[in-house]
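Contents: one structure, followed by commentary.
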Amino acid sequence: MLSDAQRNEKVAKLAEKVNYKESAVPEREIPSALVANNGSTVTNAWEWMNVRRPEILDFYTREVYGETLPRPEEMSSEEVSCRDVFNGRAIRKEIKITFRQGGFSHSIMMLVYIPRNAPERVPVFLGLNFRGNHACTDEIDVLESGRDPEGNLIEPVRGVQKERWEFEKVTARGFAVATCCYHDIFPDFPGESAWKKSVCSIFFPDTPPAKLNERYSAIGVWAWGLSRMLDVLEGEKLIDCRRAGVVGHSRLGKTALWAGANDRRFKVVVSNDSGHGGAALFKRNFGETIEILNTAFPHWFVAGFEKYNGKDADLEFDQNFLLSLIAPGALCIGSATEDLWADPKGEFLGGVYASEVWRLFGAKGMPVTEHPQPDVNVTGEISYHMRTGKHNILWQDWEHYLDAAGKIFSVTNI
Ligand code: GCU
């Protein structure tokens with residue numbers, strides 16, 4: 001295990017060699033998700049669902065994101081607050097979710113906003129946040145959350161990421177929205193103490209973290225957390241969980257994709273700037289590399305993912321395989337023009353190459369094959385846009401996701 005200084009130094013060296021030139025993208029064929037392990041090509045939706053999809057899911061489980069934790073022996077939820085917000089147009093709740101296993105317990109705090117005046121139960125978007133529930137809003141009474149492995153609050157300042165979570169606008173569009181801080185499910189730090197503070201520890205209190213990382217990963221555990229949040233929301237009278245979407249930015253976009261691949265209750269899956277290890281194709285060798293991911297964030301993936309270090313362009317799979325696991329559901333991929341680290345074109349092409357699986361279902365997938373101009377929204381079973389600007393998730397991104405989800409869920413603004 002490298003020290004922080006060693007890790008930073010190694011990542012800085014690797015980052016110097018990163019390719020940002022389209023002209024230097026290697027000419028490599030992108031593997032087809034339709035070719036099964038025995039070499040035959042899947043030709044219909046039945047074979048996809050019963051033969052090839054399980055193979056890909058199994059591959060990603062073993063090689064990349066790890067196993068899904070089981071359901072705990074006991075899971076309970078407690079509404080710790082409930083009040084009207086936004087001049088009475090929405091209800092805000094904080095729900096403490098507690099997992100119990102073999103005498104151990106672990107709790108997370110979910111912040112939920114639900115439109116009040118909807119004519120019927122509303123669809124919901126779930127997503128994890130980076131810096132704590134209180135960092136997503138400047139409402140002064142939202143409880144602080146998000147702690148490092150030593151138990152310190154990650155973010156002292158309220159509202160620092162409120163531009164990423166426009167709860168009032170989302171609820172005005174007729175959607176409920178729920179979030180938890182990802183650190184409280186698995187603190188996002190390399191090293192043993194994060195594993196010990198993660199929810200994994202209640203299931204495997206005696207297993208050394210290095211051993212656990214052979215089968216589990218932080219991304220896998222965060223995705224599991226999203227599913228448990230949805231379990232709890234199923235008990236909310238005003239929310240229709242048959243119309244649920246999962247949204248995530250960056251590393252949490254990678255997580256949203258894996259959550260959508262594992263939990264088919266997520267009917268809309270949103271990957272915002274998810275980059276490598278998310279929607280972007282590795283084989284393009286543009287932007288971040290597998291070795292950088294494994295060096296900077298060893299806990300995000302299973303330990304064995306390291307065997308692909310330096311092999312980006314030669315992989316026998318690519319992230320179109322991951323995206324294809326969402327088919328025939330709705331997938332939204334968002335990029336940003338200045339986010340070259342995440343390879344916007346590679347994120348787009350991930351969706352284009354995955355579309356062959358949507359076609360098995362009589363759908364189209366990504367409606368276009370040319371990378372759209374900045375700020376042009378392309379909406380289909382796979383939607384895409386590239387916002388002008390930096391690596392971030394902003395209201396402009398949300399608007400497209402809500403439009404795409406609104407079509408599927410037939411939602412009216414309220
Ligand atoms: C780093 C990392 C990316 C990740 C991003 C984020 O830049 O290299 O893979 O997506 O952090 O989560 O913000």
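The values are calculated or read from the model by the stated rules, or taken from the named source; none is laboratory data. Since this is a predicted model, take the numbers as computed values, not measurements. Here the Cβ is made from the backbone with ideal geometry for all residues, glycine too, and neighbour counts use every protein chain on show.
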Quick one: count up the residues across the range 48-83 that are surrounded by 15 or more Cβ atoms within 10 Å (Cβ to Cβ), over 21 Å from Trp222 (Cβ atoms) and either touching a residue at least 60 places away in the same chain (Cβ under 8 Å) or in contact with a Gly (Cβ under 8 Å, 6 or more places away or on another chain) (or both). 2
Okay, helices (runs of 4 or more DSSP H) sitting entirely in the range 158-216 with 1 or more residues that are among the charged types (D, E, K, R), I get 167-172, 192-197, 209-215
Given (1) surrounded by fewer than 16 Cβ atoms within 10 Å (Cβ to Cβ); (2) under 27 Å from Asp231 (Cβ atoms), index of the condition Asn44 fails: (2)
Note on Asp231: of the conditions (1) assigned to a helix (DSSP H, G or I); (2) among the charged types (D, E, K, R); (3) under 23 Å from Tyr60 (Cα atoms), unmet is (3)
How many residues are of a type in the set (S, T, N, Q) and in a helix (DSSP H, G or I) when one looks only at the range 61-106? 1
When Ala210 is evaluated against the numbered criteria (1) closer than 21 Å to Gly132 by Cα; (2) surrounded by fewer than 24 Cβ atoms within 10 Å (Cβ to Cβ), which criterion, by number, is the only one it fails? (1)
Given (1) crowded, with 18+ Cβ neighbours inside 10 Å; (2) assigned to a helix (DSSP H, G or I), where does Ile408 come up short, assuming only one miss? (1)
Output the residues belonging to the range 112-132 that are under 30 Å from Asp188 (Cβ atoms) and either away from the ligand (no atom under 16 Å from the Cβ) or not in a strand (DSSP E or B) (or both). Val112, Tyr113, Ile114, Pro123, Val124, Phe125, Leu126, Phe130, Arg131, Gly132
Scanning the range 117-131 residue by residue, the ones that are more than 18 Å from Trp224 (Cα to Cα) and at pLDDT 95 or above total 4
Qualifying residues in the range 272-302 (those that are under 22 Å from Leu69 (Cα atoms), within 15 Å of the ligand (Cβ to nearest atom) and touching a residue at least 24 places away in the same chain (Cβ under 8 Å)) - the one surrounded by the fewest Cβ atoms within 10 Å (Cβ to Cβ): Phe297
Given the structure, is Lys311 touching a residue at least 12 places away in the same chain (Cβ under 8 Å), surrounded by fewer than 24 Cβ atoms within 10 Å (Cβ to Cβ) and touching a Gly at 6+ places or on another chain (Cβ under 6 Å)? no
Could you list, in sequence order, the residues of the range 354-402 that are closer than 28 Å to Leu128 by Cβ and part of a helix (DSSP H, G or I)? Ala354, Ser355, Val357, Trp358, Trp395, Gln396, Asp397, Trp398, Glu399, His400, Tyr401, Leu402
Subset of the range 328-353 [surrounded by fewer than 24 Cβ atoms within 10 Å (Cβ to Cβ), in contact with a strand residue (DSSP E or B) (Cβ under 6 Å, 6 or more places away or on another chain) and either modelled with pLDDT under 95 or part of a helix (DSSP H, G or I) (or both)]: none
The range 13-28 residues that are basic (Lys, Arg), paired with ones that are exposed (fewer than 14 other Cβ atoms within 10 Å of the Cβ) (beta carbon under 8 Å, 6 or more apart): Arg28/Asp314
Gly310 fails exactly one of (1) under 19 Å from Arg28 (Cβ atoms); (2) of a type outside the set (Lys, Arg); (3) in contact with a Phe, Trp or Tyr (Cβ under 8 Å, 6 or more places away or on another chain); (4) not in a helix (DSSP H, G or I), namely (3)
What residue, of Phe86, Phe125, is surrounded by fewer than 20 Cβ atoms within 10 Å (Cβ to Cβ) and among the hydrophobic types (A, V, I, L, M, F, W, C)? Phe86
Looking at the range 222-243, which of its residues are touching a helix residue (DSSP H, G or I) at 6+ places or on another chain (Cβ under 6 Å) and not charged (D, E, K, R)? Trp222, Ala223, Leu226, Ile239, Cys241
For the range 387-407, indicate whether the set of residues that are in contact with an Asp or Glu (Cβ under 7 Å, 6 or more places away or on another chain), in contact (Cβ under 8 Å) with a residue 12 or more places away in the chain, over 23 Å from Arg264 (Cβ atoms) and hydroxyl-bearing (Ser, Thr, Tyr) is non-empty. yes
Looking at the range 249-258, is at least one residue touching a strand residue (DSSP E or B) at 6+ places or on another chain (Cβ under 9 Å) and surrounded by fewer than 19 Cβ atoms within 10 Å (Cβ to Cβ)? no
Any residue in the range 256-270 that is within 26 Å of Arg387 (Cα to Cα) and not hydrophobic (A, V, I, L, M, F, W, C)? yes
